Amino acid sequence: MQELVCTTPFEWKYQESERPVLKDGMAVLKIKQVGICGTDLHAFEGTQPFFSYPRILGHEFVGEIVEISSESNYRIGSLVSVIPYYSCGKCVACRQGKTNCCQTLSVLGVHQDGAMRDYLQVPIDALVYDEQLSLDEYTLLEPLSIGAHGVRRADIKKNDWVLVVGAGPIGLGVMEMARIAGGQVIALDVNAGRLDFSKNVLGVSHTIQVGQEDVMARLQEITKGDMPQVIIDATGNKKAIDHSFQYMAHGGKYILVGLQLDHVQFSHPEFHKREGTLMSSRNATRGDFEWVMECMKKGLIHTQDFITHRTKFNDVSKHFETFLDPAQAVIKAVVEFDS
């Protein structure tokens, strides 16, 4: 089979390898589509935490079952997605059902080789299946589940003001799930095109462009002085993360979905007087995947709105760097494999 390796930042290599030999408790998938995530882009640039080279990228994908252990109830030929966060099942987090933040978590495409290859062997218990989902829905299931997990962490109440900082692919997924949860969403970003997408495609009622508007004044105007009860960062940008503490309502919550490499800094007195809650949101659980699947089946999420760019597996090395170019206005790029 053929696989694509990111050997070092900004360098790709196609190479041949042996197709996986089926093991007990496992399934072999023929990869059909792989979504390109911010994690992949950062890995290509050399700015992704918890990452080492060489690495086969790809953790949001759909595949067809071509081989599977006999003890499984899954069928050959079924399309499936995969929860790409492999946990130990024994540590303190796993014992509480928080497998998404296992002490020894290993993520496909980050800590171990991912799906940018013809065939991939995965544990049966990581499979996600619903016969009603399309290829594109399966492909977007993982990134939308990241947003779903952050929204569930926030415990959004109906009509809460929810400020989503960052209108990239993960931020847009957060907006979708926050809307479905009953929040009144406000999108904040520097990119006018992304904000237009938030408003015109996703139906976000309020957008604020950093650098062009007085953010504090606009938030006070929109919320009638209350300020957002929930802030969710999806930028992974230190300046944006530190700066957004001031926007939180008294009694509010701040959830960090985005990840950056430095310290988080904020005024303790300002945070304390608000009795603020600060939490991180890492990966997603099976419950998050199931929530997103139900929303897809009910027609609450339109995956075709997110996918703006497509490329063939054999052309990834030629096109990948263009996905980093803001002028390309990429929301979600998808890699297609030959049938």
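The values are calculated or read from the model by the stated rules, or taken from the named source; none is laboratory data. The structure presented is a predicted model; accordingly, all values stated were derived computationally and were not measured. As a convention, Cβ positions derive from the backbone with ideal geometry for all residues, glycine included, and neighbour counts pool all protein chains shown. Areas reflect the complete protein model, heavy atoms only, side chains present, ligands, DNA and RNA absent. Shrake-Rupley method; radii C 1.70, N 1.55, O 1.52, S 1.80 Å.
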Options Asp118, Asp214, Asp136; residue that is in contact with a helix residue (DSSP H, G or I) (Cβ under 7 Å, 6 or more places away or on another chain), farther than 26 Å from Leu259 by Cβ and of a type in the set (D, E, K, R): Asp136
Subset tally (residues that are at negative phi and surrounded by fewer than 16 Cβ atoms within 10 Å (Cβ to Cβ)) for the range 199-227: 13
Of the criteria (1) touching an Asp or Glu at 6+ places or on another chain (Cβ under 6 Å); (2) buried (at least 16 other Cβ atoms within 10 Å of the Cβ), which one Ser69 fails: (2)
Condition broken by Arg282, with the remaining ones in (1) free of Cβ contacts under 8 Å to residues at least 60 places away in the same chain; (2) out of contact with any strand residue (DSSP E or B) (no Cβ under 6 Å at 6 or more places or on another chain); (3) not in a helix (DSSP H, G or I); (4) not aromatic (Phe, Trp, Tyr) satisfied: (1)
Within the range 14-32, tally of residues that are open to solvent by 10 Å² or more (accessible area, probe 1.4 Å), part of a strand (DSSP E or B) and under 27 Å from Asn73 (Cα atoms): 3
Sole residue being modelled with pLDDT under 95, exposed (fewer than 15 other Cβ atoms within 10 Å of the Cβ) and either in contact with a Phe, Trp or Tyr (Cβ under 7 Å, 6 or more places away or on another chain) or over 20 Å from Glu18 (Cα atoms) (or both), chosen from Thr104, Thr47: Thr47
Residue among Asp155, Asp196 that is open to solvent by 10 Å² or more (accessible area, probe 1.4 Å), among the charged types (D, E, K, R), closer than 20 Å to Thr308 by Cα and out of contact with any Gly (no Cβ under 7 Å at 6 or more places or on another chain): Asp196
Extreme residue, farthest from Arg282 (Cα to Cα), among residues of the range 189-204 that are under 18 Å from the mean Cα position of the chain (by Cα) and not polar (S, T, N, Q): Phe197
Top-ranked residue of the range 306-338 - restricted to ones that are basic (Lys, Arg) and in a strand (DSSP E or B), ranked as most open to solvent (accessible area, probe 1.4 Å): Arg310
Hey, Val230 open to solvent by 40 Å² or more (accessible area, probe 1.4 Å) and in contact with a helix residue (DSSP H, G or I) (Cβ under 7 Å, 6 or more places away or on another chain) or not: no
Inter-residue pairs, beta-carbon under 8 Å, first of a type in the set (Phe, Trp, Tyr) and in the range 1-25, second open to solvent by 60 Å² or more (accessible area, probe 1.4 Å), 6+ apart: Phe10/Glu45; Phe10/Glu321; Tyr14/Asn314
Which numbered condition His243 misses (of (1) under 29 Å from Cys295 (Cα atoms); (2) part of a helix (DSSP H, G or I); (3) open to solvent by 20 Å² or more (accessible area, probe 1.4 Å); (4) not acidic (Asp, Glu)): (1)
